[in-house]
Amino acid sequence: MTANVSASDRFAGSVKDAAIAGAIALGLFGPFIGLRTTADIGGLGINTRWGALAIAVGVVFLGRLLLNLFVWRTDNPITGMIARAMPKAPAGGKFGKVFGPLMLALAFLLPAITAYMFPQHNRYILDLAILVLTYVMLGWGLYIVVGLAGLLDLGYVAFYAVGAYSYALLAQYFGWSFWLCLPVAGILAAMWGVTLGFPVLRLRGDYLAIVTLAFGEIIRVVLLNWYNFTGGPNGISGIPRPSFFGLEFSRDENGFAAFFGLDYSAIHRIIFLYYLILILALITNLVTLRLRRLPIGRAWEALREDEIACRSLGINTRNTKLTAFAIGAMFGGFAGSFFATRQGFISPESFVFMESALILAIVVLGGLGSQLGVVIAAVVMIGGFELFRDLAEYRMLVFGLAMVLIMVWRPRGLISSRQPSVFLKERKAVGAELVGEGHG
Amino acid sequence: MEYFVQQLINGITTGSIYGLIAIGYTMVYGIIGMINFAHGEIFMLSTFIALIVITALGILGMSSVALIIFALLLVLVVAMVLTAVWGWAVERIAYRPLRGSFRLAPLITAIGMSIVLQNFVQITQGARVKPLQPIVSGGYTLMEKDGFQVALSNMQIIIVVLTVGLMTAFSLIIARTPLGRAQRACEQDRRMASLLGINVDRTISLTFVMGAMLAAVAGVMYLLNYGVIDFYIGFVAGVKAFTAAVLGGIGSLPGAMLGGLLIGLIETFWSAYFSVEYKDVAAFSILAIVLIFLPSGLLGKPEVEKV
Amino acid sequence: MSHWDENPVLSVEHLTMRFGGLVAIDDLSFSVGRGEITALIGPNGAGKTTVFNCITGFYKPTEGRITLHPHVDGGETFLLERMADHEIAREAHVARTFQNIRLFGGMTVLENLMVAQHNELMKASAWTIGGVLGISGFRSAEHEAMDRAKYWLDHIGLLDRADDPAADLPYGAQRRLEIARAMCTEPVLLCLDEPAAGLNPRESNQLNELLRYIRNEHGISILLIEHDMSVVMQISDHVVVLDYGCKISDGTAEEVRNDPSVIAAYLGVEDDEVEDVEAEVEGAAK
């Protein structure tokens, strides 16, 4: 856009461009919005909705025109003005130092805050927070595999499923308690990670992605069809709830409420579940932070940067990948058994590919540089999804569009600079453009 | 024996459709090295476009054979053109802004795009399954024994003939035309190609357009052959077709076709002789086994590790 | 029998490598002298990097034997052609650099050197379990690793840049860092693939100093591929010349320089031009 282009030329160009966009939109939307097929008893019929089509095309035309006039084809784009008016975006490191502990404090106080401020929505907010935290935990688990080791895993939900079914089945067949099953579920998921990872981890790049996707689907199909063992599509219900050091959250006199001399309330269990997932998620995070500073974590990152160089330094790349896969899977397994105990009911429906995609999206949108990004992305995605509840069927559409737009806006994710694991004088963040993206 | 032949015919038909979709994956992967996850949804869109056009033209009520053939050709052309526009738009909106950027970003936009497309169709056309009465009927009985007939329907003949024809045409386009040359150049080295005056963006767009057109052909065939579609068919078909592309060796056109046929056959025979429920498990397991022993697929060029 | 054949650190015997029908290396035998700098030279496509890849395990040779003798007085030896690439680095202590530098670009200079000490640190961290619990043995091992990293950073003049991303370093510094990273694995034999490529004369001199230092002070044997004749002639104790996968000459820098067939093959000139070329090479050596 040079300055000597006259304003009227620019306007005419903008209109023409918007008209083309409108015409394309007409082609795209025409059959779908304009003509709605109906499956009647007498066969297929068609309803026309020209009004809706006109609105859709008009929105595209106007939107494009406004963007042309005020953002793309102007010397003084409105986005620039907004950016100038806004305070400068905080840098990853400092931002994290303040924001992280703040979030943590908020997370710990949340049940108290909601109880005082929104008593009538208490349960709803806590349920939502539990959901968000579950995804935070899954995101942190997958972050080890994708963010640190640079291995693209599209079947992460398989380990979530293994964890959930491990608990459900152990409880159903052997009557094991949640606290016993939790570590077992994690270990089983890790073992599955090793078993699946062993043959496939020598594959590179997108091959690994497609094979992990395939394994995720295989596990789901098996769960769906093995009626005798897993209950098939009906799933498993009546999964026991967790106890508080042996105290059940029930009305009877041996229950949690009676023991502490409280009036029984269903919210006790919700609060307990909330703190349970919060602590599980924090354990995931602390272990990951710790691992990053250990040789194994550095080897994961080195693997992401350059596998061949790793081999030249004597690093057994296969074992290194396997540990990343197994530890990621283990946290997925923990999250899975939490999911089972929280829901009380599980079925293969909960472990579809979309779940894997969603967790991966949270990790990538958050930015592969930091675990804090995962939290923000999970809050934005899951919380945002809930906020648009009123949009009903349009909700998923908006959700998908948001995924595309955020990614186009920030291809490297929200927080993308990397913190070094060790330093001599000062810890300087490494810019995202230098960090490798792995090949698997 | 008769049962076997019948399954072979059915498997080849299914496989041809997978193969046509797989070409779209393989071409896009070849040129920009990414999995176009939304390609399965493009296929799904094309089945809906075909259904809408068929209903709007009132083909079901037509009696003249010539008119039906003409109308179906029109459906095919309209579906190809409109699906191509969708293919173009998806590339333009979700992939082009991310070109040369972080490798995972277009994967996420692709997943986002497939969510958008699925829900767009669900909202505009409804979530219910759409049935279509058979339009092309009739066929031949190849063998008959003990009351079991081996049938070859006209639709199956059309599918296989059309697939073979398109494959030939496509191989010629890639091998002989300037567009094909530009595509192969971009596959090798995108920056060098642009330095030599190839319009890389346009070549990539055309690749998406071509992939979408083939998916549209597959979509029309699918609709006419199976007669039942819903907004969710894109995911399964897409995963299968991508599996086919990887199985055949990604980046290779004959490989995509071969992979498609194999997946179609594996699935059909598994359903026929073992269990329908586990047919996806069979297809995916074969994929995993092939990749473990032949990491670049059946017809792919082996990747030499450059040290 | 030359002195490098008497007690070699590495002996390559009848090494052959075929890629399909192409014979990249044909029945090659040579020795790398202990505590010496051995240069492997030859025209482009002579198979030098292939030899490196066979020694360091990235390729499995079609035929032949590669033996590493880490100890002066015999003792344990390693048959490198039977070992996987990471085992060669870990067990036999053969370290290498790459023609197109392979640093961990998104990690800091210091982190690059820490990754190089992975195996020792893994052991010290009791395969991560002890590390998670924070045992003291691991902490002291980590201090040692840091000290070693600092030592090498000091010697390559990059101590000030320890906390910068490796990809931000200038080209010459990246080459030096890659050598330092290889040294952090405590190698017996250091294999350098064109360490002077792309360096300016001053950096090239620094490199010579560094390599001499590594040989003289640490007693490490060095095998290097090089095109820069001034580097080769100045610092090599022993030069092996390859052409089309065959050895055409083997001797001291002086001997090789005066071998007419080397000059002819290396520079691809007719015999009557050899004398002119000889003069040129001599000039380059000074």
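Summary table below
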{"read-out": "Dipole-positive endmost among C:Val51, C:Pro70, C:Leu22 within the stretch C:1-156 (Cβ charges, Cα centre)", "value": "C:Leu22"}
{"read-out": "Choice from A:Tyr143, A:Tyr135, A:Tyr124 with maximal GNM fluctuation in chain A (Cα, 10 Å cutoff)", "value": "A:Tyr124"}
{"read-out": "Student exercise, the stretch A:323-439 dipole from Lys, Arg, Asp, Glu Cβ charges, in Debye to nearest 20", "value": "480"}
{"read-out": "Helix-only mean residue ellipticity at 222 nm for chain A, each DSSP H run of n ≥ 4 adding -39500 (n - 2.57), per residue, nearest 500", "value": "-21000 deg cm²/dmol"}
{"read-out": "Test item: A:408-419 mean partner chain Cβ contacts at 10 Å", "value": "3"}
{"read-out": "Fluctuation leader among A:Gly383, A:Gly400, A:Gly333 - chain A, Gaussian network, Cα springs under 10 angstrom", "value": "A:Gly400"}
{"read-out": "Equivalent ellipsoid semi-axes - Cα gyration tensor, the stretch C:1-134, angstrom", "value": "31, 20, 15"}
{"read-out": "Most fluctuating residue given options B:Asn225, B:Asn199, B:Asn36, as computed from a GNM of chain B linking Cα atoms under 10 Å", "value": "B:Asn199"}
{"read-out": "Shape parameters for chain A, alpha-carbon atoms, Rg then Dmax in Å", "value": "25.4, 84"}
{"read-out": "Calculated FRET efficiency for the pair C:Glu255/C:Val23, C-beta based, R₀ 25 Å, to 0.05", "value": "0.40"}
{"read-out": "Shielding score for C:161-170, defined as the mean number of other chain Cβ atoms within 10 Å", "value": "4"}
{"read-out": "Within the stretch B:89-145: Cβ-based charge dipole about Cα centre, in debye rounded to nearest 20 (Lys, Arg +1; Asp, Glu -1)", "value": "200"}
{"read-out": "Total charge dipole magnitude, the protein assembly as shown, about the Cα centre, Cβ charges on Lys, Arg, Asp, Glu only, Debye to nearest 20", "value": "4460"}
{"read-out": "Where Rh is the Kirkwood radius over Cα pairs, Rg/Rh for chain C", "value": "0.99"}
{"read-out": "Packing-based exposure ordering (other Cβ within 10 Å, fewest first) of C:His71, C:His238", "value": "C:His71, C:His238"}
{"read-out": "Residue-wise HN-Hα coupling along the stretch A:378-387, computed from phi with Karplus coefficients 6.51, -1.76, 1.60 (Hz; x: Gly, Pro)", "value": "5, 5, 5, 6, 6, x, x, 4, 5, 4"}
{"read-out": "Estimated D of the stretch B:2-293 in µm² per second, where Rh is the Kirkwood radius over Cα pairs and Stokes-Einstein applies at 4 °C, 1.567 mPa s", "value": "66"}
{"read-out": "Whole-Hz couplings from phi, Karplus 6.51/-1.76/1.60, listed for the stretch B:146-157; x for Gly and Pro", "value": "6, x, 9, 9, 9, 9, 10, 7, 4, 4, 5, 4"}
{"read-out": "Signed unit charges on C-beta, dipole axis of chain A, positive-most listed residue A:Leu397, A:Ile219, A:Gly232", "value": "A:Leu397"}
{"read-out": "Mean separation of Cα contacts under 8 Å, 6 or more apart, over the residue count of chain C: relative contact order %", "value": "24"}
{"read-out": "Residues whose placed amide H lies under 5 Å from that of C:Thr16, excluding near-sequence neighbours", "value": "C:Asp27, C:Leu28, C:Thr62, C:Glu63, C:Gly64"}
{"read-out": "Normalised contact order of chain A, rounded percent, pairs of Cα under 8 Å and 6 or more residues apart", "value": "23"}
{"read-out": "Rel. contact order, % - alpha carbon contacts under 8 angstrom, at least six apart, chain B", "value": "36"}
{"read-out": "Average beta-carbon neighbours from other chains, 10 Å sphere, peptide B:275-287", "value": "4"}
{"read-out": "Principal-axis tilt of helix A:92-117 within chain A, Cα atoms, nearest 10 degrees", "value": "70"}
{"read-out": "Options B:Leu132, B:Trp88, B:Gly197, ranked by Cα towards positive dipole end of the stretch B:2-293, top entry (Cβ charges)", "value": "B:Gly197"}
{"read-out": "Built amide H within the under 5 Å cut-off of C:Leu223, gap 5+", "value": "C:Thr38, C:Leu190, C:Cys191, C:Leu192"}
{"read-out": "Gap separating the Cα centres of the stretch B:224-253 and the stretch B:129-196, nearest whole Å", "value": "13"}
{"read-out": "Nonlocal amide H pairs with C:Leu10, under 5 Å, H built at 1.01 Å", "value": "C:Val32, C:His69"}
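All of the numbers you see were taken from the coordinates with simple rules; none came from a lab. This one's a predicted model, so the numbers in the text were calculated from it and none came from an experiment. Neighbour counts run over all protein chains shown; Cβ positions are idealised from the backbone, glycine included.
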